[in-house]
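Below is one structure, written out as structure tokens, with a few remarks after it.
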Amino acid sequence: MSALIDIDNLSVSYQIGSSLFGARQKIEVLSDISLQIKKGQFFGLVGESGSGKSTLGKALLQAAPISGGRITSHITDTPLEVASLKGQALKDYRKSAQMIFQDPYSSLNPRMTIRDIIAEPLEVMGLAQSREETDQKVREIARQCRLNLEHLRRFPHAFSGGQRQRIAIARALVSEPELIIADESVAALDVSTQADILNLLKSIQSSKGLTFFFISHDLSVVAHVCDVVAVMYLGQIVEIAPKKSLFAMPRHPYTKALLASVPSLDLDQKLEPNLIEGEIPSVAAPPEGCRIHTRCPHATALCISTPPMMQQDEAGHSVACHHWATLPA
Ligand code: ADP
Ligand code: MG
């Protein structure tokens, strides 16, 4: 598989505080992130709330302040640096990379019909020549998202969470993007509806050959659909691996702890409960050395002093931990 998006040593920083009182502070929310999303892949990103997942999703759409490194898109034949896109080039890029949000209740305009909600990207981006063409594209995508065509004339309030998320998915797909960034797209749904939406996303991905960047705090959700999973902690990636390898042989203590907190996963090996305790530290003052050392039972003097490098094996399993090879399974 070839690369669709290359992220190299990416950092994102927000300025917070008031410039009026000279109390502005720069907070690095993402630090030195490198990963590759391959064409046609269902790429999963997991981590606790506040670890920077949404910020990474936004950075992919040039909607977060990049302070270092680069994101390169290979969606077009000529590679593009996402941070430097402007004007028409940025519009074209955003047409090819669409986001589906978490909350289907607030992301759909209550005063628009379902038809108009799905049609809006076509109109804004000038992707249909006539009303007939718009209607035809809307119906086609609605059908693919298993929406009842009679519902197109109704308003969002008439629908359940799962149906609303189908509408949001249809809206994201109607411009025929290459990359879908799905940020906690099933988090607000009950479990059976979650499975329904995950199956829909997966079938859309395989039938259209789309690439997904799927963000979730929930490993069991990621386990359902993703080909490759990256685990994030406090603005950094600590482990990336093909799903099978990550779930069968997690290497990072943090990944092991996340897995141990998912009781429904059927794993062969025994995992220590409560491996990682306490709260995630503030991203404004991340610990020196390995960022997780304050919560890791295996931390040594080396972990306190020195950040671990990412180590990758031939099978594409990467981990950033000084001691992973000698830790208990
Ligand atoms: P996640 O999606 O993993 O829960 P986020 O990417 O939303 O994490 O947030 C990561 C960190 O960045 C948090 O500490 C959050 O407070 C901070 N953050 C996010 N957006 C902004 C912003 N616009 N300004 C300042 N800080 C922000
Ligand atoms: Mg988030």
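Points to keep in mind about this one:
Quick grid of which residues meet (1) of a type outside the set (Asp, Glu); (2) part of a helix (DSSP H, G or I); (3) surrounded by 24 or more Cβ atoms within 10 Å (Cβ to Cβ); (4) more than 15 Å from ligand 2 (Cβ to nearest atom):
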{"residue": "Phe212", "(1), (2), (3), (4)": "yes, no, yes, yes"}
{"residue": "Ser220", "(1), (2), (3), (4)": "yes, yes, no, yes"}
{"residue": "His224", "(1), (2), (3), (4)": "yes, yes, no, yes"}
{"residue": "Ala230", "(1), (2), (3), (4)": "yes, no, yes, no"}
{"residue": "Ile237", "(1), (2), (3), (4)": "yes, no, yes, yes"}
{"residue": "Ile240", "(1), (2), (3), (4)": "yes, no, yes, yes"}
{"residue": "Leu246", "(1), (2), (3), (4)": "yes, yes, yes, yes"}
{"residue": "Pro250", "(1), (2), (3), (4)": "yes, no, yes, yes"}
{"residue": "Ala257", "(1), (2), (3), (4)": "yes, yes, no, yes"}
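- Cβ-Cβ under 8 Å pairs, at least 6 apart or on other chains, region 93-118 side acidic (Asp, Glu), far side more than 16 Å from ligand 2 (Cβ to nearest atom): none
- In summary, Gly235 fulfils each of the numbered conditions (1) in contact (Cβ under 8 Å) with a residue 60 or more places away in the chain; (2) touching a Leu at 6+ places or on another chain (Cβ under 6 Å); (3) away from ligand 1 (no atom under 16 Å from the Cβ); (4) not aromatic (Phe, Trp, Tyr) with the single exception of condition (3).
- Among the conditions (1) under 26 Å from Val283 (Cβ atoms); (2) away from ligand 1 (no atom under 16 Å from the Cβ); (3) at pLDDT 95 or above, Thr211 misses just one, which is (1).
- Within the span defined as region 141-163, every residue fails to be among the basic types (Lys, Arg) and buried (at least 17 other Cβ atoms within 10 Å of the Cβ).
- Inspection of region 109-119 identifies no residue that is within 16 Å of ligand 2 (Cβ to nearest atom) and among the polar types (S, T, N, Q).
- Of note, Gly69 does not satisfy the criterion of being on the phi > 0 side of the Ramachandran plot and within 11 Å of ligand 2 (Cβ to nearest atom).
- Checking Ser175 against (1) under 25 Å from Thr55 (Cβ atoms); (2) outside any loop (DSSP other than H, G, I, E, B), the condition it does not meet: (2)
- Region 37-58, subset of a type outside the set (A, V, I, L, M, F, W, C) and in contact with a helix residue (DSSP H, G or I) (Cβ under 6 Å, 6 or more places away or on another chain), residue farthest from ligand 2 (Cβ to nearest atom): Gly44
- Top-ranked residue in region 72-100 [being of a type in the set (Lys, Arg) and more than 12 Å from Leu60 (Cα to Cα); ranked as surrounded by the fewest Cβ atoms within 10 Å (Cβ to Cβ)]: Lys86
- When Ala3, Ala83 are checked against the criterion of being among the small types (Gly, Ala, Ser), in contact with a His (Cβ under 9 Å, 6 or more places away or on another chain) and more than 16 Å from ligand 1 (Cβ to nearest atom), Ala3 stands alone in meeting it.
- The C-beta contact set for region 48-60 (first residue within 17 Å of Ser13 (Cβ to Cβ), second residue more than 9 Å from ligand 2 (Cβ to nearest atom) and assigned to a helix (DSSP H, G or I), distance under 9 angstrom, 6+ apart or interchain) comprises Ala59/Val82; Ala59/Ala83; Leu60/Val82.
- Residue among Ser49, Ser18, Ser31, Ser2 that is among the polar types (S, T, N, Q) and surrounded by 15 or more Cβ atoms within 10 Å (Cβ to Cβ): Ser31
- Residue count, region 298-311 (criterion: out of contact with any His (no Cβ under 9 Å at 6 or more places or on another chain) and either touching a residue at least 24 places away in the same chain (Cβ under 8 Å) or on the phi > 0 side of the Ramachandran plot (or both)): 1
- Near pairs, Cβ below 6 angstrom, 6+ apart or cross-chain, from region 179-206 (of a type in the set (D, E, K, R)) to any residue that is within 16 Å of ligand 1 (Cβ to nearest atom) and assigned to a helix (DSSP H, G or I): Asp183/Ser54; Asp183/Gly57
- Among the residues listed as Asp196, Asp227, Asp183, Asp190, the single one being in contact with a strand residue (DSSP E or B) (Cβ under 7 Å, 6 or more places away or on another chain), farther than 26 Å from His293 by Cβ and away from ligand 1 (no atom under 16 Å from the Cβ): Asp227
- Conditions (1) more than 27 Å from Ser2 (Cβ to Cβ); (2) within 16 Å of ligand 1 (Cβ to nearest atom); (3) in contact with a Leu (Cβ under 9 Å, 6 or more places away or on another chain); number of the one not met by Arg24: (3)
The values are calculated or read from the model by the stated rules, or taken from the named source; none is laboratory data. Being a predicted model, the structure only gives us computed values, none of them experimental. All Cβ positions, even for glycine, are placed from backbone atoms using ideal geometry, and neighbour counts span all protein chains on display.
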